[in-house]
Amino acid sequence: MRPPQKNPRRDALKVQFARALRHEATDEERLLWSYLRSKQFAGRRFRRQQPIGPYVVDFYCSAAKLIVELDGSHHWEAEQHAYDEARTLWLAANGYRVLRFSNVEFLRERNSVLDAIWHAVTNIPPSTMSIPPSP
């Protein structure tokens with residue numbers, strides 16, 4: 001099977017769309033970006049509104065092939081949810097890991113969300129709160 005042909009016009013439109021999304025970021029995206037930018041998060045470089053294949057993802061760490069998505073309330077609608085599922089399947093099939101959080105989840109449980117991202121980019125499994133057995 002041949003790989004899809006590059007379409008310079010479509011690629012340029014995707015880049016232009018990604019730039020527009022950067023300027024129209026939600027408050028939650030801006031807040032998460034303040035943690036991820038400038039290699040200050042686990043020493044890894046993240047990009048925001050990064051074109052990947054036919055999609056533009058919210059945050060991307062190429063070293064970990066990790067995508068972080070922050071979803072607003074419109075992602076709960078059936079049509080958008082189905083689109084998100086198909087998108088996640090395509091990204092996973094192409095070797096990317098996707099972490100998806102709602103804006104509300106990020107605001108209420110910021111430390112848990114940041115911890116999950118940290119573990120994903122460092123490939124360290126999250127610690128469990130188990131108590132060691134007594135001797």
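Consider the stretch 23-72 and keep the residues that are within 16 Å of residue 121 (Cβ to Cβ) and of a type in the set (Lys, Arg). The one that is farthest from the chain's Cα centre (by Cα) is 39. The set of residues in the stretch 88-109 that are under 15 Å from residue 32 (Cβ atoms), assigned to a helix (DSSP H, G or I) and free of Cβ contacts under 8 Å to residues at least 60 places away in the same chain comprises 104, 105, 108. For the stretch 26-39, filtering for residues that are without any contact (Cβ under 8 Å) to a residue 12 or more places away in the chain and in contact with a helix residue (DSSP H, G or I) (Cβ under 9 Å, 6 or more places away or on another chain) leaves 1.
Every residue, every condition in (1) under 19 Å from residue 26 (Cα atoms); (2) of a type in the set (Asp, Glu); (3) part of a helix (DSSP H, G or I), yes or no:
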{"position": "59", "(1), (2), (3)": "yes, no, no"}
{"position": "64", "(1), (2), (3)": "no, no, no"}
{"position": "67", "(1), (2), (3)": "yes, no, no"}
{"position": "70", "(1), (2), (3)": "yes, no, no"}
{"position": "82", "(1), (2), (3)": "no, no, yes"}
{"position": "86", "(1), (2), (3)": "no, no, yes"}
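Among the conditions (1) at pLDDT below 90; (2) surrounded by 17 or more Cβ atoms within 10 Å (Cβ to Cβ); (3) among the charged types (D, E, K, R), the only one that residue 58 does not satisfy is (1).
Among the residues that make up the stretch 31-40, is at least one of them within 19 Å of residue 119 (Cβ to Cβ), in a loop (DSSP other than H, G, I, E, B) and modelled with pLDDT under 95? Scanning the stretch 31-40, I find at least one residue that is within 19 Å of residue 119 (Cβ to Cβ), in a loop (DSSP other than H, G, I, E, B) and modelled with pLDDT under 95, so the answer is yes.
The values are calculated or read from the model by the stated rules, or taken from the named source; none is laboratory data. Every value quoted in this text rests on a predicted model; they were computed, and no experiment measured them. Because the Cβ atoms are built from the backbone with ideal geometry, glycine has one as well, and the counts that use them run over all protein chains shown.
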